[in-house]
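Novice: The structure is given below, and queries will be raised subsequently.
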Amino acid sequence: MASMEAPKPKPRPRRTASDVYKERNRNLLMYSSAVIIATLGVTYAAVPLYRVFCAATGFAGTPKTGTGRFEAERLVPVENAHRIKVHFNADRAEALPWTFTPQQRFVTVLPGETSLAFYTAKNNSKQDIIGIATYNVTPDRVAPYFSKVECFCFEEQKLLAGEEVDMPLLFFIDKDILDDPACRNIDDVVLSYTFFRARRNQKGQLEPDAAEDDVQNSLGFGGYEHAPKAEVRNEKEKSAK
């Protein structure tokens, strides 16, 4: 009997950024439902789901949020607190041929309450492009309490030519803000993102393809003196010899 050759496996289809985000959005909606259950009293049910989405968060250069901030019992809205209006802003560098907009102008949240928001990005060019987003929070004294659980700013984003994606943002304002006298009268917060075209530095790492001053401004550090990058320092040292 002639031996039968096993069929060759079919090549895996190429996943687009849109496919990835559709899967993420489904997961985020499932997680948001779990948080709602937690706020009704079954807080332990959200713990495993929440840890799946935990990531390093915080504001560039400011104190990072500790793991304790992501415990389920801390994700219960403080009902007797005043609501804070979070405004969403979107910018992009001129060198990036994308459209980048928030899907909602603002949301109002209580301290300890998780909120899901979305931004839309579209690659208007005829080539695939990798983008990197920077962000800042104003007033800056709110930044240590503004925690992002899931955010497109955690990693670079590759959009195919002409591709459009919805990018999720899951965040909360830590209830410790209520104990900070400097934040007592804050009613409005602005979360701003700036997308840059990505390039690889001398170490092969992706970074914004823009002037350092532009990047620092997008991070909210435009008014501060900052040290030059390592490659810039090396070039200056070589020229000085």
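Novice: Take the range 123-143 and flag every residue that is more than 15 Å from the chain's Cα centre (by Cα), over 20 Å from Glu207 (Cβ atoms) and surrounded by 15 or more Cβ atoms within 10 Å (Cβ to Cβ).
Specialist: Thr138, Val142
Novice: While we're on this one: Test of understanding: among Gly131, Gly112, which residue is part of a loop (DSSP other than H, G, I, E, B) and of a type in the set (Gly, Ala, Ser)? Walk me through it before giving the result.
Specialist: Numbers: Gly131 fails: part of a loop (DSSP other than H, G, I, E, B).
Step by step, each of Gly131, Gly112 is checked, and only Gly112 is part of a loop (DSSP other than H, G, I, E, B) and of a type in the set (Gly, Ala, Ser).
Novice: Take Thr134 and decide whether it is more than 15 Å from Asp176 (Cβ to Cβ) and at pLDDT below 90. If you could, list the steps in order and put the result at the bottom.
Specialist: On the way: more than 15 Å from Asp176 (Cβ to Cβ): yes; at pLDDT below 90: yes.
So Thr134 passes the test.
Novice: Taking the condition of being at pLDDT below 95 and loosely packed, with under 14 Cβ neighbours inside 10 Å, how many residues in the range 92-105 meet it?
Specialist: 2
The values are calculated or read from the model by the stated rules, or taken from the named source; none is laboratory data. Not measured: the values here are computed from a predicted model. Here Cβ is always computed from backbone atoms with ideal geometry, including for glycine, and neighbour counts include all displayed protein chains.
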